[in-house]
Amino acid sequence: MKKWRCLVCDFVYDEAKGLPDEGIAPGTRWEDVPDSWTCPDCGASKADFQMEEV
Amino acid sequence: MTTATLPAAGLWRDNKRYWWLLGSVAAAFPLIGYAGHLAFGGVLWWWFSPIVVYAVFPLLDYLVGEDNSNPPEERVDSLMKEGYYRLAVMLAIPVQLTTFVWGSWMWVHGGLGGWELAGLLLSVGMVSGLAINTAHELGHQTDPLERFLAKLSLAPGAYGHFYVEHNRGHHIRVATPEDPATSRFGESFYEFFPRCVIGSFRSAWQIEQRRLQREGKSVWHWSNDNLQAWAMTVAIWGGLLAWLGWTVLPFLVLQAVYGGSLLEVVNYLEHYGLCRQKKADGRYERCQPHHSWNSNHVITNVFLYHLQRHSDHHANPTRSYQALRDFSDVPRLPSGYSAMILLAYFPPLWFKVMNPRVVAHFGGDMRQANIKPSIREQVIARYSPAASA
């Protein structure tokens, strides 16, 4: 499980936790997050995220 | 959410395409005024920028009216990739810097009287304020050159913290009580201004501190974006001080204060009273189009790179200005920013015009609004007796 950080605002998407509130189940890999999904904090697109070592 | 007009992609032409160059013309307003002064004489020419922004723009907004046309969705990608639009914004920066250096020289060596100096100060300060809008557009881009130019454009007005705070602070907390740059129902501009500047400054520092800590660096590391942006101010102001002497210092400081106030009065308009609701998990709902005030007035929009199409900007912050859309069902200001700024300077007038709009937006249920804490209970009770019972 990896974490991805928004380059615009620092929001972290944690694959282990997912975002159940937005219909993204815990354990959803980054590749499987829909391309239309945007950062819940600042609205940046998926392309604006970077994988981060944890 | 519905978009106002959707013509076929093949037929669509950007009718504002060449009007975007007016942003660069605005950066030259003090020089245009000076040309007018040389040609016709008179003190008023030194006041050219404030006269245009406070008097001519509201009038033109009223006469020219609104434009609700949107680019068709299929055209957005190609429109955003056109280099012309990026260059049109970047062009404003050499113009702004020229105006700034000219103004500084004129302050010291122009042999001007009191009223002329005051006009020069406000005229150049206004350019520094408008430049924050240029920096805003460039600072949202991911290209390193544009991000560098964003910092440069903030330097004359000494507003470097905006570069950090706007994207990584304001955009996250917008329309919540935690955002220093979101004005509250019942809060006058004069209460908002210091709260916003101090809060934004503190937040910008903390944001970079956290980032650098994560990277194992000191907050004083050179890669601190705040320090980089402020260093440009030190370099430019320092150069002018070395060249023109200490007499230029009051000019530099006062034009920066006025330029910053101009940006903050615009911030004051953009989310007044609006509020995102908290979800069950304690996070705020996503920022949606109904969390920003909008205006489609053409004149102010072309001078401000569509900043007034603010709902789309916050819902899609990486969307460039030329592609920002109007939505038909969003909170709407009665006029463009120019006229609304004048109202904001006179709080009783502002409250008279805007408070009923906020109340109407929430259908009287002010529990959902972002209200100045000291009057929150009163406001809720006043507009929604059933809710407080």
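The values are calculated or read from the model by the stated rules, or taken from the named source; none is laboratory data. None of these values were measured; they are calculated from a predicted model. FYI the Cβ positions are ideal-geometry reconstructions off the backbone, even for glycines, and counts take in every protein chain you see.
Would you list the helices (runs of 4 or more DSSP H) that sit entirely within segment B:304-389 and hold 2 or more residues that are surrounded by fewer than 19 Cβ atoms within 10 Å (Cβ to Cβ) and out of contact with any Leu (no Cβ under 7 Å at 6 or more places or on another chain)?
Because the criterion is at least 2 residues that are surrounded by fewer than 19 Cβ atoms within 10 Å (Cβ to Cβ) and out of contact with any Leu (no Cβ under 7 Å at 6 or more places or on another chain), the helices (runs of 4 or more DSSP H) in segment B:304-389 that meet it are B:337-345, B:347-361, B:376-383, B:385-388.
Within segment B:281-294, is there a residue that is within 19 Å of B:Thr134 (Cβ to Cβ) and touching a strand residue (DSSP E or B) at 6+ places or on another chain (Cβ under 9 Å)?
no
Here's a check for you: in segment B:296-328, which residue that is more than 13 Å from the chain's Cα centre (by Cα) and basic (Lys, Arg) is nearest to the other protein chains (Cβ to nearest Cβ)?
The qualifying residue nearest to the other protein chains (Cβ to nearest Cβ) is B:Arg319.
Tell me, please, whether a residue that is more than 24 Å from A:Val8 (Cβ to Cβ), part of a loop (DSSP other than H, G, I, E, B), modelled with pLDDT of 95 or more and out of contact with any Asp or Glu (no Cβ under 8 Å at 6 or more places or on another chain) can be found in segment B:273-285.
yes
Mind listing whichever residues of segment B:341-387 are closer than 30 Å to B:Val52 by Cβ and of a type in the set (Lys, Arg)?
Across segment B:341-387, the qualifying residues are B:Lys352, B:Arg357.
Within segment B:29-56, can you find the residues that are of a type in the set (A, V, I, L, M) and without any contact (Cβ under 8 Å) to a residue 40 or more places away in the chain?
Across segment B:29-56, the qualifying residues are B:Ile32, B:Ala35, B:Leu38, B:Ala39, B:Ile51, B:Val52, B:Ala55, B:Val56.
Of the conditions (1) in contact with a Ser or Thr (Cβ under 9 Å, 6 or more places away or on another chain); (2) assigned to a helix (DSSP H, G or I); (3) surrounded by fewer than 23 Cβ atoms within 10 Å (Cβ to Cβ), B:Leu87 clears all except one; give me its number.
(1) is the only condition that B:Leu87 fails.
Just one of the numbered conditions (1) at pLDDT 90 or above; (2) in a loop (DSSP other than H, G, I, E, B) is not true of B:Leu6; which one?
(1)
Pick out the one residue from B:Ala360, B:Ala381, B:Ala280, B:Ala369 that is over 22 Å from the mean Cα position of the chain (by Cα) and within 14 Å of another protein chain (Cβ to nearest Cβ).
One residue alone meets the criteria, B:Ala280.
Check off (1) under 18 Å from B:Arg286 (Cβ atoms); (2) within 10 Å of the chain's Cα centre (by Cα) for A:Met51 and give me the number that stays unchecked.
Tallying (1) under 18 Å from B:Arg286 (Cβ atoms); (2) within 10 Å of the chain's Cα centre (by Cα), A:Met51 fails exactly one: (1).
Going through B:Leu252, B:Leu244, B:Leu212 one at a time, which residue ends up being among the hydrophobic types (A, V, I, L, M, F, W, C) and within 14 Å of chain A (Cβ to nearest Cβ)?
One residue alone meets the criteria, B:Leu212.
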